[in-house]
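Below is one structure; the comments refer to it alone.
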Amino acid sequence: MTTTLAGERWRASRAAHTGRVDALIGPYLRERRSGRKHPVVDFLFTYYGSRPAHVTRWHPGLGVALDDADEYLRLPGYVRGPEGVQADPALVVERAEALRTAVDLLSATNARPARLGCFGLHEWAMVFRTDRPRHSLPLRLGAAGTDAVVESMPLRCTHFDAFRFFTPAAEPLNERPLSRASQLRDEQPGCLHTTMDLYRTCLRMIPLIESDLTFEAFRLALNARELDMCASPYDLTALGYDPVCVETPAGRAEYVRRQSDIADRGRLLRESILDRLRGIATTTHCADTTKLPASSIVAVSSAPPTTRVGYRRRTRPR
């Protein structure tokens, strides 16, 4: 069943979405347009191969038609239907395999308890015993001090897409080897990068998935990325970020507290995305997906107030 939104109503929803995005990353986007780089926020666009438009542009999602919306016909994935301009239902068939893969991975991840004992050391393992760090930022403890931290603490990474960037010297130090083939077995909701990947899941479903979910996934990914880099070996004080010194007991306690909060929010958001993906799948013959247990509808949790992200930013007080 398709719901039709009148022009006045959907334009109001679009304006509200634009306001939310601007409140979150408006200053950053303006700096980006002037050519400035930001090693924390840029990651969400470069690593995921996305553009700001994927966050700023409003999409109503599959099953909603827009009246007086010819401008959307210029966007990929939109067609004129009997009720108005809408996301093309044929995309569901084209993306059936991606739907199944996403549902399998998100379901398996949420079925596991969160593991909170990694302390963000994957970023440290990426610079262990190398003279070529991934970012052109100073190391808080210097190269020798960074190596000493990795040598003194266990590596417990469960996320292959972090593990694959470990230096050769760090790989054998992880508690177990990881691979793409074992991702379905290893992924768990406590991992910051697993939570960030919810944004990628939404990106792959545009325009079938509504922008409310994509925005929530981006906002949570941004929070996770901030903690990821604050706990890293890099010195980000020039950008306004206070370090989470995981080499100390107090820093590890802070990391676990913030990691736990992100994991809890990620679990709720993952359930909401799963519910939506299953709903999308039922519009076609994606039998393998629709046979999966139906999740209950879980409202996306409200993220804590977030300061506008500009080129310089100070994290919330610890």
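Each value in this text was obtained by applying a stated rule to the coordinates, not by laboratory testing. Bear in mind that the values here come from a model prediction, so they are computed numbers and not experimental data. Using ideal geometry, Cβ is built from the backbone for each residue, glycine included, and neighbour counts are taken over all protein chains shown.
A few notes on this one:
- Folded to 0 to 90 degrees: helix 7-33 orientation relative to the chain principal axis, Cα: 20
- Label-point separation in nm, A98 to R36, each point 7 Å along Cα→Cβ: 3.3
- Multiplying the residue separation of A90 and D261 by 0.36 nm and removing their Cα-Cα distance gives an extension gain of 57.8 nm.
- Sites D68 and E151, calculated FRET efficiency, Cβ-Cβ separation with R0 51 Å, nearest 0.05: 0.20
- Rg/Rh (Cα only; Kirkwood hydrodynamic radius) as it applies to region 1-95: 1.05
- Each label was represented as a point 7 Å from its Cα along the Cα-to-Cβ direction; for T4 and E171 these points are 5.9 nm apart.
- Using equal-weight Cα scatterers in the Debye expression, the normalised intensity of the chain in log10 at q = 0.12, 0.13 Å⁻¹ is -0.86, -0.99.
- Built amide H within the under 5 Å cut-off of Y78, gap 5+: D88
- Using a Förster distance of 41 Å, the FRET efficiency for T18-A238 (Cβ separation, nearest 0.05): 0.85
- Taking the square roots of five times each eigenvalue of the Cα gyration tensor of region 1-160, the equivalent ellipsoid has semi-axes of 42, 22, 13 Å, listed largest first.
- Charge dipole of the chain (Cα centre as origin; +1 on each Lys and Arg Cβ, -1 on each Asp and Glu Cβ, all else neutral): 580 debye, rounded to the nearest 20.
- Full-stretch length increase - R51, A144 - with 0.36 nm per residue and alpha-carbon distance subtracted: 29.8 nm
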